[in-house]
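Enquirer: The following block contains the structure, expressed as structure tokens.
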Amino acid sequence: MQAHQNFDIVAGIPSFNNQNTISFVTKQISTALESYSNHSKSMIIDCDGGSTDNTIQKFLSTKSKIKKRVLISRPGTTGKGNVLKLLFRYSQLAKANTIIVNDADLRSITPRWVKLQADSISKKGYDYAAPIYSRYKYDGTITKHICYPLMYGLFCKDIRQPIGGDFALSSKLSNHWLKCNWPVNARLFGVDIFMTANAILGGYKICQVNLKSKVHDVKDPAKTLSPMFRQVISTLFKIIISNPDKLKNLNSVDELPIIGGRGLGKPQSFEIDEEANKDRFLKGFLRRKEVIKNCIPDEDYTKLRNMVVYDKIYIPSEWWAKLVYDYILAFKKYESRSSTILKSFIPLWFGRIYTFINETKNMGTKQAEALVKKEAEEFFKKRDYLLDQL
């Protein structure tokens with residue numbers, strides 16, 4: 001993995017079977033990088049996790065004045081975290097000052113988007129530029145109900161998209177990440193939360209970049225998100241239980257600067273199967289009830305059981321914050337059985353999603369977003385409940 005030339009900007013596209021969208025993403029990145037006077041010192045890299053379609057060919061055949069390269073993970077080392085680790089290592093060899101990463105399934109990326117990402121690092125001096133964009137009220141359910149409120153409540157940063165997938169960083173931060181201990185799931189979908197949490201704990205300079213709205217291949221949580229859930233939440237819980245002292249030293253939430261103005265775009269709407277989310281809660285609770293009983297206080301278990309018996313599901317944000325904190329404590333207590341613990345946590349997450357769907361049925365994006373913020377504030381209010389026991 002040799003870099004024969006030093007580069008100012010390296011733009012990575014993590015891909016896996018994205019033949020329908022990667023050419024569009026590549027063109028937008030190329031147009032943005034070509035606008036820089038020193039664009040000969042930029043490179044676009046397809047970081048591929050073993051695609052079996054024409055993703056790599058589509059990338060290579062996309063016309064561009066910017067140099068292109070493909071990095072392919074070795075068999076047995078696939079997964080988003082592993083391909084990003086390849087990118088970070090290559091960027092160190094290339095002595096890149098600025099690294100940009102954008103998902104290969106994007107349909108809303110623009111040259112402006114990419115330029116804002118690059119400028120936030122190269123011109124404004126931030127180490128990490130997380131995305132902020134408008135998303136449909138039922139998109140990003142792992143972020144909305146767990147990752148964002150925990151970043152707000154425990155890590156004390158109002159960072160709305162901590163696993164957004166479209167970000168920029170400095171060489172200094174990529175080097176820091178490479179030196180960190182990578183939990184197994186950080187090599188998979190846990191990588192985004194691993195990066196954000198370690199950027200915060202490492203004291204790096206963080207901003208958010210206004211990317212308007214995110215249009216991508218959406219996923220209904222009831223159908224596709226369980227493996228991603230376990231990988232992301234396992235990584236985040238491990239970081240939390242490993243750093244109680246650093247978290248205890250934080251006592252107020254930092255608002256992060258937003259580069260590119262505050263007006264967001266129109267979100268991408270889609271159909272969500274409300275009854276499927278309810279069904280996953282009911283069936284999951286019955287299947288995992290013995291484990292759930294060991295993870296939460298008796299009175300909370302009784303409330304959940306009664307919801308199943310009477311088919312009345314309601315998990316409001318203030319109770320949800322406590323349930324999440326109880327599960328972090330259970331994750332620590334039963335760490336050797338962490339996979340079993342997380343499987344029992346998934347039905348409760350579906351119960352919260354189902355509750356949120358019902359709370360926001362008649363709400364627009366702004367009203368629903370206000371409820372998300374209120375949920376995050378509940379996590380901050382209850383932070384001592386967790387930290388006093390860690």
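Every read-out reported here was derived from the displayed coordinates using simple, explicitly stated rules and does not represent laboratory data. A quick note: this is a predicted structure, and the numbers were derived from the prediction, not measured. When we count neighbours, we look across all protein chains shown, and the Cβ atoms used for this are built from the backbone with ideal geometry, even at glycine.
Enquirer: Only bridges with both residues in the chain count here: give the DSSP antiparallel percent, nearest 5. Please list the in-between numbers first.
Expert: Details: 6 of 33 bridges.
Of all bridge pairs located within the chain, approximately 20 percent are antiparallel.
Enquirer: Quick one: 3J(HN,Hα) in Hz for the stretch 234-239, Karplus 6.51/-1.76/1.60 with θ = phi - 60°, rounded, Gly and Pro as x.
Expert: Per residue, the Karplus-derived 3J(HN,Hα) values read 4, 4, 5, 4, 4, 5 Hz.
Enquirer: How would 384, 48 line up from fewest to most surrounding beta-carbon atoms within 10 angstrom? Before the final figure, lay out the partial values.
Expert: Details: 384 11, 48 24.
Ranked by crowding around the Cβ, least crowded first: 384, 48.
Enquirer: Taking only DSSP H segments of four or more residues, each worth -39500 (n - 2.57), what value at 222 nm results for the chain once the sum is divided by all its residues, to the nearest 500 deg cm²/dmol? Could the numbers behind the result be given before it?
Expert: On the way: 16 runs with 195 residues, N = 390.
Helices in the chain give a 222 nm mean residue ellipticity of -15500 deg cm²/dmol.
Enquirer: For residue 213, what residues show an amide H to amide H distance below 5 Å, using hydrogens built from the backbone and excluding near sequence neighbours?
Expert: 134, 265
Enquirer: Same structure, new question: Sorting check: for 299-310, 145-156, which peptide has the highest mean count of neighbouring beta carbons within 10 Å, and how do the rest follow? Walk me through the numbers on the way to the answer.
Expert: On the way: 299-310: 13.7, 145-156: 24.3.
So the peptides 299-310, 145-156, ranked by packing, come out 145-156, 299-310.
Enquirer: Now for a different question. Step through the residues of the stretch 54-68 one at a time and calculate ³J(HN,Hα) from phi using the Karplus curve (6.51 cos²θ - 1.76 cosθ + 1.60, θ = phi - 60°), rounding each to whole Hz and writing x for Gly and Pro.
Expert: Taking θ as phi minus 60°, the curve returns 9, 3, 5, 4, 4, 4, 5, 8, 6, 5, 6, 7, 8, 4, 10 Hz for the stretch 54-68.
Enquirer: Using a Cα distance threshold of under 13 Å, what count of lysine pairs results for the stretch 7-108 when pairs must be 8 or more residues apart or interchain?
Expert: Value for the stretch 7-108: 10.
Enquirer: Quickly rank 270-280, 113-123 as a protection proxy: mean count of other C-beta atoms within 10 Å, highest first. Walk me through the numbers before you get to the answer.
Expert: Values: 270-280: 15.6, 113-123: 22.4.
Most protected by this proxy first, the peptides run 113-123, 270-280.
Enquirer: Right, something else. May I ask for the Rg/Rh ratio of the stretch 1-156, computed from Cα atoms with Rh as the Kirkwood radius, given to two decimals? Write out the running numbers ahead of the final one.
Expert: Details: Rg = 15.9 Å, Rh = 16.4 Å.
Reported Rg/Rh (Cα atoms, Kirkwood Rh): 0.97.
Enquirer: Still on this structure: Got a sec? Which residues in the stretch 83-105 would a label at residue 172 touch, if it sits 7 Å along Cα→Cβ and we count backbone N under 16 Å?
Expert: 96-99
Enquirer: Could you work out how far apart the two model spin labels at residue 52 and residue 251 are, taking each label as a point 7 Å from the Cα in the direction of the beta carbon, and quote it in nm?
Expert: Using points 7 Å along Cα→Cβ, the separation is 5.6 nm.
Enquirer: Does anything in the stretch 126-166 have its amide N under 14 Å from the 7 Å Cα→Cβ label point of residue 367, and if so which residues?
Expert: The answer is 137, whose backbone nitrogens lie closer than 14 Å to the label point.
Enquirer: Moving on. Taking the beta-carbon count within 10 Å as an exposure proxy, list 311, 192 from fewest neighbours to most. Walk me through the intermediate numbers first.
Expert: Values: 311 8, 192 25.
Fewest to most other Cβ atoms nearby, the residues stand as 311, 192.
Enquirer: Place the peptides 366-372, 351-357, 233-239 in order of packing, highest mean first, counting for every residue the other Cβ atoms within 10 Å and averaging per peptide. Display every interim value, and only then the final one.
Expert: Values: 366-372: 15.4, 351-357: 22.9, 233-239: 25.7.
Per-residue mean Cβ counts within 10 Å order the peptides as 233-239, 351-357, 366-372.
Enquirer: Still on this structure, I have one more. Using the C-alpha gyration tensor of the stretch 274-387, what are the square roots of 5 times its eigenvalues, in whole angstrom, with the largest one first?
Expert: On the way: eigenvalues 106, 69, 27 Å².
After scaling each eigenvalue by five and taking roots: 23, 19, 12 Å.
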